[in-house]
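Trainee: Before anything else, here's the structure in question.
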Amino acid sequence: MISNFAMLQGRWIGSAATFVFQLICLVILLIWPASASADEPKGLVVTPDDATRYLGPLGGEGNIADILATSEQTGDVWGAWRYTAEPKFGPPLHIHKREDELFYVLSGEFAFQLGDCVKIAKAGSFAYIPKNAPHTYKNIGSAAGELFGAVTPGGFEQFFMKLPGADMDKVGKLAEEHAMDSVGPEIDIADLGKRLATAPKVQVSNDAFRVGVLAPGCHPPSGVLDTLTNTLSDLGLVEGRDMVIDWRYSEGDAERFSHLAADLVGRKVDLIVAMSTPAALAAKQATQKIPIVMVYVADPVGMGLVASLAEPGGNITGVSDMAIKLSAKRLALLKQVVPTISRVAVLWNAADPGMVLRFKEIESAAEVLDVELQSLEVRRPDEFERAFAAMTKERPDAMFVIAEVLTIGHRCRILNFANKQKIPAMYEFGLFARDGGLLAYGPKLTDTFQRGAHYVAKILKGSKPQDLPVEQPMDIRLAVNVTTAKNLGITVPASVLIQADQSTTSGGQNCSRAW
């Protein structure tokens, strides 16, 4: 899960001897589980003069890798290195398929990204990254910074030894050789800086509202979530003046919503905004009195959140994403673009109750269109590789990706796989097509959050949730990535192109944070 991104921050203080002792303890902590089962693990001492050094392996000459321990030295158990990184340096978003990774920030300030979450790590911080987790890092300080890194099972010596500088074709081959896949771009420092910047201070009103937000992503809010606060401001509700927002992020782990919702209820917020079906279900379970505005919920009636769209009743109302009713149209468009398809793989999160309803709707549509479905369920980030392996072994004619928090957060991996394997695919939101997907049909995420803000404003100004009908997005858009179509050898029919509201020539690898 994205929540496996563990960050511990503190300072190592004391003498040089203390520092060395703590560093040795860290290494022992890393290798203890693995060394217990290894055959005759080897002990070693590496002094700075003995460490193998590589200059500029992933950038300018100021980037220096000191290999402290190799897999050969440790009996193929672990590897460790010290890395000096220039300002603004960082690799693209990538995954390791064979090892967990741990970093300790020796000096400077780094941004670490895992999935959609970006956290700032100053000197003294740890970052733990499990295998198969999309991740990257970047030096965001003004001077060179140092990282201590370790992997288990380890051994990056060959990777650094053979890395040929800026020849990206060769870099890609080496990454594949070492079971690494690049699945997205590097961290955008400029955008991160804007989101971490402190908002201008304004005088908070004595009678300011307190609004709780259950969000599926991470701090700081992404551009999509900014839409909510910006629209509220336009409606006369300025954060920090007219209202105080208590943001609660699940960091991709839907099971956290129950605890987060209970916390907001305990704080006696005036209203809860629940983003996603799991968030809305958790909010409803936590309170039947505090008004709840749901946003990006698949089927609120089918999920038992409201009595009906026209008369929701209770304390919940908001915006449905209308996804279930669009499933048949999406599958029909996919078959219109690729008429020969007879077998479609459906990638979906079976742990989300709303997605179960959506998959059933796709099954019904498939029967009408005479299409066989291959159900590929993912509940956690580490299950994507299993799904990809299944598609590689039993290749489908096309893929249908059901969009929710997990699949949106890991869309770089999905898009990378689909395009590499040349599998045409239908997605549910335009950002997938923008980032390299073939087709997308659905509402704009930003529109959904804008409409959610209107519900918040109405309720805070006196309206009752039960008196506000649930809205469904009416502006449904078709996006076609013509570059991806060309790469797949597909000629998109004119009858489809004429329906498209957006045709993009993006070549992929442009994924930015969704949440």
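Trainee: Give the order of Ser205, Ser276 when sorted by the count of other beta carbons within 10 angstrom, beginning with the fewest.
Mentor: Arranged by neighbour count, lowest to highest, Ser205, Ser276 become Ser205, Ser276.
Trainee: In what sequence do Glu176, Glu109, Glu251 fall when counting other Cβ within 10 Å, fewest first?
Mentor: The fewest-first ordering by Cβ neighbours comes to Glu176, Glu109, Glu251.
Trainee: While we're here: Express in whole angstrom the spacing between the alpha-carbon centres of the range 294-350 and the range 432-454.
Mentor: 14 Å
Trainee: For a quick check: sort Met294, Met243, Met474 by the number of other beta carbons within 10 angstrom, fewest at the front.
Mentor: Values: Met294 31, Met243 22, Met474 8.
Result, fewest neighbours first: Met474, Met243, Met294.
Trainee: Beyond a 25 Å Cα-Cα separation, which of these cross-linked pairs lie in this structure: Lys329/Lys458; Lys131/Lys393; Lys325/Lys458?
Mentor: Beyond 25 Å: Lys329/Lys458; Lys325/Lys458.
Trainee: Related question: Output the pairs from Lys97/Lys360; Lys335/Lys360; Lys88/Lys119; Lys97/Lys335; Lys173/Lys420 with a Cα-Cα distance over 22 Å in this structure; if there are none, say none.
Mentor: Where the Cα-Cα span goes over 22 Å, the pairs concerned are Lys97/Lys360; Lys97/Lys335.
Trainee: Straight-line reach from Lys444: which aspartates and glutamates fall under 18 Å, measuring Cα to Cα and dropping same-chain residues less than 8 apart?
Mentor: The reachable aspartates and glutamates, counting only those whose Cα sits under 18 Å from Lys444, are Asp226, Asp299, Asp321, Glu404, Glu428, Asp435, Glu471, Asp475, Asp501.
Trainee: Next question. Taking amide H positions as placed in the peptide plane 1.01 Å from N, state which residues far from Glu101 in sequence (5 or more) or on other chains have amide H under 5 Å from it.
Mentor: Ile129, Lys131
Trainee: List the aspartates and glutamates whose alpha-carbon lies under 12 Å from that of Lys268, not counting same-chain residues fewer than 8 positions away?
Mentor: Hits, sequence-local ones excluded: Asp246.
Trainee: Provide the three semi-axes, in whole Å and in decreasing order, of the ellipsoid equivalent to the range 386-515 as defined by the square roots of 5 times the Cα gyration tensor eigenvalues.
Mentor: Values: eigenvalues 214, 60, 30 Å².
Equivalent ellipsoid of the range 386-515: 33, 17, 12 Å, largest first.
Laboratory data are not the source of any read-out in this text; all were calculated from the coordinates shown. These numbers come from a predicted model, not from an experiment. Here the Cβ is made from the backbone with ideal geometry for all residues, glycine too, and neighbour counts use every protein chain on show.
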